[in-house]
1. Defining a contact as two alpha carbons under 8 Å apart and six or more residues distant in sequence, what relative contact order in percent does segment 40-92 show?
2. Which shape class, rounded, prolate or oblate, goes with segment 25-80 when its Cα gyration tensor gives a ≥ b ≥ c as root eigenvalues, a/c under 1.5 marks rounded, and past that a/b bigger than b/c marks prolate?
3. How about LYS97: which aspartates and glutamates have a C-alpha closer than 19 Å to its C-alpha, ignoring those fewer than 8 places off in the same chain?
4. What helices does the chain hold that run 20 Å or longer along their axis, going by alpha-carbon atoms, with a Kyte-Doolittle average of -1.0 or more, using DSSP H for the helix calls?
5. Hey, any idea what Rg/Rh is for segment 40-142, computing Rh the Kirkwood way over Cα pairs?
6. Just in segment 87-148: which trypsin sites (Lys or Arg not before Pro) are loop by DSSP and have at most 10 other Cβ atoms within 10 Å?
7. Please compute the volume of the convex hull spanned by the alpha-carbon atoms of the chain and report it per residue in Å³.
8. Over 24 Å apart: what share of the alpha carbon pairs of segment 153-291 falls there, rounded to a whole percent?
Amino acid sequence: MNTLKLFTTYSDSNRRTYDDAIIELLKLSKKYDFIIMAHIENDDLIDLNPKFTYKDLPVSRPTISETSEALKIAQYTRETGGNMYMVHLSSGETLRKLTEEYSDIINKNFFIESCPQYFTFTNEALKREHGYLYTFAPPLRSKPEMKLMHELSQHVYTIGTDHCAFRMVDKKKKTLKETPLGIGGIEHSLDIMRYHLHDQAIIKMTKHVAETQYLKHKGEIKEGFDADFVFYKTIEGSTIHGNHGTCDYSVYELLPSRGRVISTMLRGNYIVKNGKLIGGKGRWTEEKHHD
């Protein structure tokens with residue numbers, strides 16, 4: 001086992017992992033050299049008021065619920081020497097606190113991932129006509145928090161997407177409780193992050209990902225590594241368009257970009273060539289195993 005996923009929230013659906021178990025898992029991660037990937041929010045600070053609508057999402061899951069829990073988990077990580085990977089950090093305030101108080105472990109054995117949506121939108125998007133399409137957890141944050149994300153982006157080690165797409169009709173519900181949380185994001189993630197972070201985005205989406213996920217033959221272009229390539233065409237002033245998934249919308253449609261992916265290769269074979277799907281299949285990748 002290389003990675004293990006847990007949630008510090010979602011007790012309402014019996015998915016929460018409690019502190020005692022997290023501490024024990026951190027100790028085991030040090031002993032057996034694996035990494036814990038954690039969705040980090042303070043479950044006790046989340047308000048699941050059944051009357052809330054999608055516009056209340058930032059109130060339901062406030063920044064303090066992420067920041068306080070992240071600091072606590074960072075402390076456990078420091079004390080145990082374990083390996084922690086915080087998925088989809090949403091707030092620049094959380095990022096600031098972590099880097100100020102835990103600089104000794106940040107991106108050494110407490111790794112920080114964020115996602116394109118947190119660099120692109122603020123919670124003002126929830127006030128739009130189709131604001132229900134911008135619902136996910138953790139939610140969008142304030143403009144000052146997003147600004148901090150950009151200013152401190154060097155401390156974000158990897159970029160993920162938290163890809164979880166739904167159709168528009170499935171997202172349009174009367175209450176927040178009924179609303180499925182999640183958006184699609186994989187297809188346009190490199191376009192979005194290159195726009196925001198320029199070439200800094202590349203290492204966060206390649207080498208650092210392979211490193212934290214124990215993929216020893218991926219993430220770099222060198223002899224002995226898998227020939228996985230992305231061919232990117234720089235087109236200044238371009239916009240994002242063309243959603244090739246089965247989802248009927250993209251929150252990134254028509255946003256500015258610096259170009260687009262034109263081809264991809266997996267182990268030396270084209271998967272997409274000049275914008276056309278060639279297809280192919282993955283395979284099980286086993287880098288190491290722990291009994």
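1. 40 percent.
2. prolate
3. Those aspartates and glutamates meeting the cut-off are GLU41, GLU66, GLU69, GLU79, GLU113, GLU145, GLU151.
4. 63-80
5. 1.01
6. Sites meeting the loop and neighbour criteria: none at all.
7. 142
8. Of the Cα pairs, 41 percent sit more than 24 Å apart.
Bear in mind these aren't lab numbers, they're just calculated from the coordinates by the rules spelled out. These numbers were taken from a predicted model, which means no experiment stands behind them. Virtual Cβ from ideal backbone geometry, glycine too; neighbours counted across all protein chains shown.
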